[in-house]
Structures are given as C-alpha cells and as structure tokens.
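First up is the structure itself, then whatever we jot down about it.
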C-alpha cells in the first residue's frame, strides 16, 4: 500500500518575496525558480502578475522556461496569484498560460473583520463574488485554487458554505490559510477535519494549508492540518514571508521524512538540495538565516556542550535525529568553546595532526579553557597558536627599541623602526606601506628577513576612555618551518604562531605583537640556537 503523498506548494517567489526588503529581480526569480524545480516542488507560486508589469513578466518567463523544463528535473505546476477580480485573473492567466501545467490561484477573505473593514461586503456578496470569479478562472484554466483569506478566524459554518460554492464553480484545490498566524495546532487541525467532514464534494478537491508564523506555530499548524487530512502544504524556503514569515519548507519536509512513525507520508522533495537552495534564497533576498534556524541554520548541526560532544564522538545519533548529509550540509561541527570538553578538544587536535600524551593533554586543556573564557569560539588557527605557545618557550630575540610613523591623507605612510638583535646589535629600517601598520611590518621584515604570511590581525581596546590601552593579536604562518622539532627535521609542514602586544599607541602594540610571533617562529626553526626543551612533545601524524 503506497503512502499518502503530500504536495509541496512553494510560494517563496510570491509570499516570500513580500518580506520587507526581499524583492528580487526577474533574473534572480528565474534562477530561484530553476533551483526550486531541481528541489522537486510540486507547485510553484511564481508571483502576483497583477502587482506590476515586471512581476507579470517574471511569472511568464518562469512559466516558459521552468514550466516546460527539458533538463530532466520535475516539471512543476506554475501558479499565479490573483485577487477575486477579472483583471487580476486575466493577468494571472496571461502569465501562466505558457506552462505545461498552469494554475490560477484566487482568494477572497471570509472572516468577519476582513469582510466588514477591508472588503466592506456582506456574506452573501462574498459568496456571489467567489461563485463568479472561480467560475471565470475555471473558464480560462483547468487548475484553479481558491483561498478563503483569514480562514483561521472565520466562522466554520460560513467557511463550509463558501468552500462548497467554490467546488461547484470549478475549484480543484481549496487552500485554508491561517493568514495572521492566530490559531493553535489543535484548533487548526480541528478546522481541517471539520472541512473534510462537512463540505459536500470535498473529495473532488485537494485540501491545502497555508500557515503564518506570527506566534511561531506555522510548522506545527501545517503538520496538524496534514494529520487531519490536508494533502498540500504551502511553504517558503527559510520560512520567509509577510511579518514573521510562513511555514518553512525545510521544516515540514524533514519532519515528514524524519518522523515516518508518526506520519507515514512522503513528498517528492530531493532533501539533499535543501541547504543549497536555502543559501541561494538568502543571498538573493539579503535575508540572513538565523544561526539556530532548524535544518538550515549555521548551528543546526553544531555542538559545543562537552556532554553533547562526547556523545557525538561515540555515536552521532545521541544528539542528531538526522544526518547533515540528508539536507545537503557537509558534516556535523563540534564547535570548540568554553562549554567544550576534553574529548572534543583531543579529537580536533588529532584531526590537525597532533598526538598528545595524557599529561600533555592536561596542560593544553588548561590553556584551552583559559582562552575559551576570552573568545566565544576557538578556531583551528587558535589551536595552532596555542600548541606553539606550549611547544616553544621562546626567548625574546628581536626587541623593539624605537618606532616612528608618518601617515594621514597627505603623502605615503612611512614607518621607521629600530630593533635590537639577539647579539645586542641595533638595526634601523624605514619602509613605505599602504598604512602605518603595513609600513611597520614591512620595516620589521626587512630587518629580520624571516619569510612568513600574516594570517590574522585583531585589534580592540581593553580599557575605557580616550587613552584606552589597545590590544593586538596576530597569527603568522611560516613558509618553510621544517625544524619545528629537532626530531622531525624531515617534516615540511607550515605551522602557525601567535603574538600579542598591548600599548596605548596601537601601532606600537601592533609591532610588539608581530615581533612576538616572529620570535616564536625563529625559535621553533632553531635559527638562533637549538630548539628549547618544552614539556610538550608533539607527534605529527602523517
């Protein structure tokens, strides 16, 4: 026995585009439409053709180029939205008629507040308008969808009457919208069940649900409607839409896929495309996906708590109910921060090529926790620098003895620096750069001549007021640090070294930080005597 099939009606290009600031160009809408077709949506609401000539043209192009796809992807129904007026319906048909499977979607409100204040129509007038406009739409197109706007706040008995009229007039899909996100899941499920039970001829139509997220219940209401008998879900990518948005496609699809024990239903969505389409829509609409967004958020498969990370390392099913690969994400992430434990840190160090004994791990873990209290997230570069700090107890080789810079809008930024070398000799060098820090670093490089690449430069004030103490941290990567350990002279693997400097003059602080990193690298390379003994012996796993 086959499972019930849930049609996915995507309205990203219509309702989703109504998000403030989310307007897309015709070219962008066409690209999103192609991506939605590859994703496998059943119905694509491409726009509101009567809204503007550009919107009409965008829907028409989508109907032609995506609604008749020849690239092997599923050919979706292409739908255009129309108010219950002949002009809107004509514009919708003008745009969607070129699709292999066109649909006209018309709507008229049925709640008392909408009829009284927005439409200024009586119930009988609304019934008559629905009868006339659904019939007119059906005279143009075989596939007609009708939505009683604000159904969630409508009188159920009146709703039954108007849906019966829509069916008699030729509607093939009846969409029940919770337009303002007002209903609770139990209420909305009961509303759908009541419609299926009490509307004559309902078996001839597909019952659809369209829920908004004003109370954060859009997905819950949609799933309640599906459990009550709805067989089409109207959704958007990333849940974008009017006000607080719509039901998110990725949430409904993955709930159905993950909880087969509760739904035993299926969709035609290729779930491995979800993450890619989510990013595409986010880029084109300039609406950033919140990090903790279900399924597609940056933290959806990220774990920081030590207990969670320990469980993940033993069996990912301890804290993940779906694999990231199922939605097109690359992998789970164990985020290193102040909540992380020893197991996660050790796993990350091993992945970076470090094998540590238990006593050595204790020292590294203590330093890691201290660093995590200062930074929210510890990166691989942080760990590289932390290991370098533990490996090498560097002497202060080159010491800053003087620094003078000239910069501003006139002339070229110039730095003159004086360094004392390990033998006590003095070196003076002047250099020109793109700015005072760049000029300073070039002058230092000219004296020390130790090839390296600046990986990170971070600056912030650590005290208040105009005379604030500035703190600078840098990370550099040596170009050929082949003598990281005397016992590993055959290894030619770049290492990262961190440096720190603080001063009320931020340029001086920058110079101190850069010199500290270079000194660590020079000691590690053994260029000024043998590598000093340390408490940590690192083995690089090859």
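Return the total of residues in region 176-228 being under 16 Å from residue 163 (Cα atoms) and under 32 Å from the mean Cα position of the chain (by Cα).
Counting residues in region 176-228 that are under 16 Å from residue 163 (Cα atoms) and under 32 Å from the mean Cα position of the chain (by Cα) gives 7.
For region 239-259, indicate whether the set of residues that are surrounded by fewer than 23 Cβ atoms within 10 Å (Cβ to Cβ), more than 25 Å from residue 145 (Cβ to Cβ) and without any contact (Cβ under 8 Å) to a residue 40 or more places away in the chain is non-empty.
Yes, the conditions are met somewhere in region 239-259.
Is it fair to say residue 234 is surrounded by fewer than 24 Cβ atoms within 10 Å (Cβ to Cβ) and in contact (Cβ under 8 Å) with a residue 24 or more places away in the chain?
Spelling it out, it is not the case that residue 234 is surrounded by fewer than 24 Cβ atoms within 10 Å (Cβ to Cβ) and in contact (Cβ under 8 Å) with a residue 24 or more places away in the chain.
All but one of (1) assigned to a helix (DSSP H, G or I); (2) under 14 Å from the mean Cα position of the chain (by Cα); (3) crowded, with 16+ Cβ neighbours inside 10 Å; (4) modelled with pLDDT under 90 hold for residue 283; which doesn't?
Condition (3) is where residue 283 drops out.
How many residues does region 136-152 hold that are surrounded by fewer than 17 Cβ atoms within 10 Å (Cβ to Cβ) and either in contact with a helix residue (DSSP H, G or I) (Cβ under 9 Å, 6 or more places away or on another chain) or within 23 Å of residue 190 (Cα to Cα) (or both)?
Total meeting the criteria: 1.
I'd like the full set of residues that are touching a helix residue (DSSP H, G or I) at 6+ places or on another chain (Cβ under 9 Å) and free of Cβ contacts under 8 Å to residues at least 24 places away in the same chain, limited to region 91-127.
115, 119, 121, 122, 125
State whether the residues of region 213-229 include one that is surrounded by fewer than 21 Cβ atoms within 10 Å (Cβ to Cβ), in contact with a strand residue (DSSP E or B) (Cβ under 7 Å, 6 or more places away or on another chain) and either in contact (Cβ under 8 Å) with a residue 60 or more places away in the chain or closer than 30 Å to residue 289 by Cβ (or both).
no
List, please: which pairs have Cβ atoms under 8 Å, are six or more places apart or on different chains, and start with a residue in region 282-296 that is on the phi > 0 side of the Ramachandran plot and end with one that is crowded, with 16+ Cβ neighbours inside 10 Å and in a loop (DSSP other than H, G, I, E, B)?
286/22
Please return the ranges of helices (runs of 4 or more DSSP H) entirely within region 325-409 where 2 or more residues are modelled with pLDDT of 75 or more.
358-374
The values are calculated or read from the model by the stated rules, or taken from the named source; none is laboratory data. Quick caveat, the model's predicted, so the values are computed rather than measured. Neighbour counts run over all protein chains shown; Cβ positions are idealised from the backbone, glycine included.
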